[in-house]
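S.K.: Provided herewith is a single structure, encoded as structure tokens, for subsequent inquiry.
What follows draws every value from the coordinates through simple rules; no lab data is involved. As the structure is a computational prediction, the values presented were derived from the model and not from experiment. Please note: Cβ atoms are built from the backbone with ideal geometry, for glycine as well, and neighbour counts cover all protein chains shown.
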Amino acid sequence: MQRRKRGRQLYHRIVRWLSVAALLVAIISTASYGSGAHTAVRYLDPPMGAWWNASEFAFMTVSAAALGILVAIGAGLKLVAEEAVRRRVAIASIIVGAIIVAPLASGMAAMARLGWMAEGGLAPYAETSIVDKLLIAGVYSLKIAGFSLIAGLAMVAMVAAVIVPLTRVVPSREALK
Amino acid sequence: MSGGALDFPTMLSMRLLVLFIHVTAVIVALGGSLFSTFALTPILNSELEPVARIKVMRRVVRRLGWIVLVSLAVLVATGMMNVFYIGAISRLLMVKLVLVIIVIGLAIYQYANVGARIWQASSDGPSPGLAPLVSRFRRVGLTVGSLVLLIVYLSLGLTRVPGALSIG
Ligand code: HEM
């Protein structure tokens with residue numbers, strides 16, 4: 001009952017829908033980037049294809065980062081007690097998350113490009129088959145989402161550190177005498 | 001360092017400053033929790049009356065929560081900068097990051113859930129519901145402390161034994 005009540009909260013629904021939207025955009029842009037689908041779009045509508053070619057990487061990195069942040073917010077909220085505190089933490093986290101998502105995406109995209117320490121045998125991206133390209137793009141997106149999840153959890157921790165003490169339950173005078 | 005002499009340009013580098021802040025954040029987070037668990041709480045229990053003890057304890061829980069959660073955020077920010085300075089991701093780092101996720105989750109639970117409920121339950125002084133909350137707060141705190149110690153141990157290997165734990 002309590003769960004269902006909580007599930008109806010607007011901020012919960014916002015986080016859930018934003019997560020689904022970020023996941024969909026991440027899947028589509030990653031698949032498109034990995035398969036070079038912009039050529040098909042170019043064939044149907046050249047200006048649109050050129051725009052998509054120039055933007056798909058940004059879509060892929062920002063949506064993966066947004067997904068990581070949103071999963072962190074969703075998980076973080078489950079750990080916070082008290083509806084009043086949770087609502088404030090949710091709203092503040094969504095706002096801070098929206099502010100940091102673009103710079104975080106470019107930072108995490110750079111971090112996800114760092115090699116595994118024993119790497120050396122992989123063929124350059126341009127020379128691999130389409131299946132390998134899809135796989136590489138998928139792992140790249142997953143790494144961005146994973147690193148962003150950690151950054152997102154740190155953000156929720158920071159927001160909770162500020163919000164929890166501000167949402168005071170006023171103690172009775174007796175207790176403070 | 002060259003030939004044992006201090007190499008000042010290297011000693012004053014941005015990389016060392018970031019690592020210094022990273023390690024300082026560990027000291028602040030872990031030191032605060034250890035002091036509260038092993039020094040402050042036993043003394044409060046033995047020296048203060050229940051009403052005064054709870055007044056002090058609830059303030060400590062709040063203040064410590066702020067310190068630990070902010071330190072963890074600083075650790076993540078500086079940790080990511082450290083990764084850029086190292087320029088590679090090892091298997092050891094991945095293990096460390098999984099543990100970091102667990103630690104941050106537990107710390108949020110400890111302070112924004114159990115701690116907040118302690119704050120609420122103690123607003124009118126001692127209450128029967130307080131004791132289980134306090135013991136859960138302590139248990140979660142000890143788990144967080146132990147995991148942080150494990151992370152510190154693993155971190156020592158990040159730049160010292162990279163070959164042994166790399167992904168290949
Ligand atoms: C609970 C959280 C954390 C703790 C307790 C912790 C602890 C430490 C400690 C004690 C060191 C110094 C090791 C040495 O002397 O060589 C260190 C280094 C390092 N940490 Fe963390 N850390 C945490 C979070 C993170 C995160 C989130 C990242 C990455 C995203 C990270 C990345 C690194 C890296 C790359 C180094 C090596 C830096 C260098 O030697 O240049 N740490 N960490």
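S.K.: Ignore the peptide's own chain and count Cβ atoms of other chains within 10 Å of each Cβ in A:102-111; give me the average, rounded.
M.R.: Mean shielding count: 1.
S.K.: Principal axis lengths of the range B:8-160 from Cα atoms, whole Å, largest first?
M.R.: Principal axes ranked by extent give 55, 31, 21 Å for the Cα atoms.
S.K.: How would you rank A:Asp45, B:Asp124, going from fewest to most other Cβ atoms within 10 Å of each one's own Cβ?
M.R.: A:Asp45, B:Asp124
S.K.: Now for a separate question. Could you calculate the contour length gain from B:Asp124 to B:Arg160, that is, 0.36 nm times the residue separation minus the distance between their Cα atoms, to one decimal place in nm?
M.R.: Gain on extension, B:Asp124 to B:Arg160, equals 7.7 nm.
S.K.: If you line up the Cα atoms of the range A:2-165 on their principal axes, what length do they span on each, largest first, in Å?
M.R.: 54, 42, 26
S.K.: Is there a simple number for the mean count of other chain Cβ atoms within 10 Å of the Cβ of residues in A:143-151, and what is it?
M.R.: Counting Cβ atoms of other protein chains within 10 Å of each residue's Cβ and averaging gives 3.
S.K.: Which semi-axis lengths, in whole Å and largest first, follow from the square roots of five times the eigenvalues of the Cα gyration tensor of the protein assembly as shown?
M.R.: Ellipsoid semi-axes (Å, largest first): 42, 28, 15.
S.K.: Take B:Trp66, A:Trp17, B:Trp119 and order them by how many other Cβ atoms sit within 10 Å, fewest up front. Please report the intermediate quantities before stating the final value.
M.R.: Numbers: B:Trp66 16, A:Trp17 11, B:Trp119 25.
In order of increasing Cβ crowding within 10 Å: A:Trp17, B:Trp66, B:Trp119.
S.K.: Test of understanding: ordering B:Val56, B:Val134 by Cβ neighbours within 10 Å, fewest first, what list do you get?
M.R.: Starting with the residue having the fewest Cβ neighbours, the order is B:Val56, B:Val134.
S.K.: Please compute the modelled spin-label separation between B:Ile86 and A:Ser55, points set 7 Å along Cα→Cβ, answer in nm with one decimal.
M.R.: Output for this residue pair reads 3.8 nm.
S.K.: Right, another one. Could you check which residue among B:Gly115, B:Gly105, B:Gly141 shows the biggest mean-square fluctuation in a GNM of chain B with a 10 Å Cα cutoff?
M.R.: Judging by the Gaussian network model, the answer is B:Gly105.
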